[in-house]
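Nothing in this text is a laboratory measurement; each read-out follows from the coordinates by a stated rule. Everything numeric here is computed off the predicted structure, so don't read it as measured data. Positions of Cβ are backbone-derived with ideal geometry, glycine not excepted, and every protein chain shown enters the neighbour counts.
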Amino acid sequence: MADIKDFLKLDIRVGEIVRAETFPKAKEPAYRIWVDLGEEIGIKKSSAKITELYSPEDIMGKQVLCVTNFPPRQIADFMSEILVLGIYSKNGVVLIKPEVPVEKGDRLG
């Protein structure tokens, strides 16, 4: 079982998707996305397997929740620096986002 101390180790923040493109070199269908996490963190890259419900155009400008303190992962020729959070639904991954717009970089608390 995880406890609150484990959860509090995660740095989960809101970011805005500022660039998105297909990722043909990924083993599974995915997009390369760039997320602006505000002045403190800046723009970070992520590989996201969200192609079933979203196109790159659909996600541009959307706010999403991201784990910012996992180690980077090499995926094909792309370094994924953050984990964009989503829910595995029967129709595909659904991005987790704030109900109302908030400042880039705001923390989940």
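Taking the range 77-96 as the region of interest, how many residues are under 28 Å from Lys9 (Cβ atoms) and either free of Cβ contacts under 8 Å to residues at least 40 places away in the same chain or among the acidic types (Asp, Glu) (or both)?
Kept after step one, since they are under 28 Å from Lys9 (Cβ atoms), are these residues of the range 77-96: 78-89, 93-96.
Now narrow it down to the ones that are either free of Cβ contacts under 8 Å to residues at least 40 places away in the same chain or among the acidic types (Asp, Glu) (or both): 79-81, 83, 86-89, 96.
Result for the range 77-96: 9.
Filter the range 55-76 for residues that are touching a residue at least 40 places away in the same chain (Cβ under 8 Å) and closer than 17 Å to Gly15 by Cα and give the result.
Residues satisfying the conditions are Ile59, Met60, Gly61, Lys62, Gln63, Val64, Leu65, Cys66, Val67, Thr68, Asn69.
Provide a single number: the residues in the range 2-61 that are within 13 Å of the chain's Cα centre (by Cα) and in a strand (DSSP E or B).
Matching residues across the range 2-61 total 21.
Name every residue in the range 73-98 that is out of contact with any Pro (no Cβ under 6 Å at 6 or more places or on another chain) and not in a strand (DSSP E or B), in order of residue number. Step through it out loud before you land on a result.
So the first thing to find is which residues in the range 73-98 are out of contact with any Pro (no Cβ under 6 Å at 6 or more places or on another chain), and the list is 73-78, 80, 82-98.
The answer is Ala76, Asp77, Ile82, Leu85, Lys90, Asn91, Ile96, Lys97, Pro98.
Regarding Glu16, is this residue in contact (Cβ under 8 Å) with a residue 24 or more places away in the chain, surrounded by fewer than 17 Cβ atoms within 10 Å (Cβ to Cβ), farther than 24 Å from Ile4 by Cβ and of a type in the set (D, E, K, R)? I'd like the intermediate steps shown before the answer.
Values: in contact (Cβ under 8 Å) with a residue 24 or more places away in the chain: yes; surrounded by fewer than 17 Cβ atoms within 10 Å (Cβ to Cβ): no; farther than 24 Å from Ile4 by Cβ: yes; of a type in the set (D, E, K, R): yes.
It is false that Glu16 is in contact (Cβ under 8 Å) with a residue 24 or more places away in the chain, surrounded by fewer than 17 Cβ atoms within 10 Å (Cβ to Cβ), farther than 24 Å from Ile4 by Cβ and of a type in the set (D, E, K, R).
Can you pull out the residues in the range 46-104 that are surrounded by fewer than 17 Cβ atoms within 10 Å (Cβ to Cβ), polar (S, T, N, Q) and in contact with a strand residue (DSSP E or B) (Cβ under 8 Å, 6 or more places away or on another chain)?
Residue satisfying the conditions is Gln74 alone.
For Val102, state whether it is part of a strand (DSSP E or B) and within 16 Å of Asp11 (Cβ to Cβ). Spell out how you get there, then give the answer.
Values: part of a strand (DSSP E or B): no; within 16 Å of Asp11 (Cβ to Cβ): yes.
For Val102, the condition - part of a strand (DSSP E or B) and within 16 Å of Asp11 (Cβ to Cβ) - is not met.
Quick one: in the range 21-45, which of the residues that are more than 21 Å from Pro101 (Cβ to Cβ) and charged (D, E, K, R) is surrounded by the most Cβ atoms within 10 Å (Cβ to Cβ)?
So in the range 21-45, the residues more than 21 Å from Pro101 (Cβ to Cβ) come out as 21-32, 45.
Then drop every residue that is not charged (D, E, K, R), which leaves 21, 25, 27-28, 32, 45.
Details: Glu21: 10, Lys25: 12, Lys27: 9, Glu28: 9, Arg32: 22, Lys45: 16.
Per the stated criteria, the residue is Arg32.
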